[in-house]
Amino acid sequence: MNKRGHVLNALLLALGLGFVIEPGLDMATARTTAQITVPIVLGALFPDVDTAFGRHRKTLHSLPVLAVFVAYPIVFGNLQYVWIGVLTHYLLDVVGSRRGIALFHPLSDTEYGLPSGVTTSSKYADLVTVVITALELAAFWALHTYVVTLDLDLSAAVSEAAAGLGV
């Protein structure tokens, strides 16, 4: 997908997640949506920084980079929602585009993708983006409802776990 598709995905995702995390039509929902929008959009744009250096869809489109963004809020206590933008960027490139990404870079430059994608210049690119975003929202809703709340302050959870272990 192109930058427009990634921004569209991130904005729709942030709006939807605002309602998943804080259901309702009130100020709490608006505040939650405002808090998560910028980090998700920044995360969604970050992998394409590799167009300026490195090799696009390889250097910053890999599982080790995603692991850094997942671990960051656990270790440092901020940027809780940036990983969502990075993850959904990857999903959009793997599922929505024909080219795919090098998930295991720097160990392998093999690009992985699904045959379901379209070219970035396709007239169907926006439609594919919206469909993938809807599927991502359904997955995040299920994760939030049945596994772990997405509004969880990871740094506090890690601190509590460490205190429980006597660390």
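None of the figures in this text is laboratory data; all of them are computed from the coordinates on show. Remember, it's a predicted structure, so these values are computed and weren't measured experimentally. When we count neighbours, we look across all protein chains shown, and the Cβ atoms used for this are built from the backbone with ideal geometry, even at glycine.
Could you list, in sequence order, the residues of region 17-35 that are under 15 Å from the mean Cα position of the chain (by Cα) and either of a type in the set (D, E, K, R) or within 30 Å of GLU111 (Cα to Cα) (or both)?
Across region 17-35, the qualifying residue is only LEU17.
Give just the number: which of (1) touching a helix residue (DSSP H, G or I) at 6+ places or on another chain (Cβ under 6 Å); (2) of a type outside the set (Phe, Trp, Tyr); (3) free of Cβ contacts under 8 Å to residues at least 60 places away in the same chain does ALA52 not satisfy?
(1)
Scanning region 21-39 for residues that are surrounded by 14 or more Cβ atoms within 10 Å (Cβ to Cβ) and in contact with a Ser or Thr (Cβ under 8 Å, 6 or more places away or on another chain), which turns out farthest from TYR146 (Cα to Cα)?
Per the criteria, the residue is GLU22.
The rows are residues; the columns are (1) in contact (Cβ under 8 Å) with a residue 12 or more places away in the chain; (2) within 17 Å of PRO47 (Cα to Cα); (3) surrounded by 18 or more Cβ atoms within 10 Å (Cβ to Cβ); (4) more than 18 Å from the chain's Cα centre (by Cα).
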site	(1), (2), (3), (4)
LEU103	yes, yes, yes, no
THR119	yes, no, no, yes
TYR124	no, no, no, yes
VAL130	yes, no, no, no
ALA142	no, no, no, no
VAL148	no, no, no, no
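Kindly indicate whether any position in region 55-68 is within 19 Å of ASN2 (Cα to Cα), part of a helix (DSSP H, G or I) and among the charged types (D, E, K, R).
no
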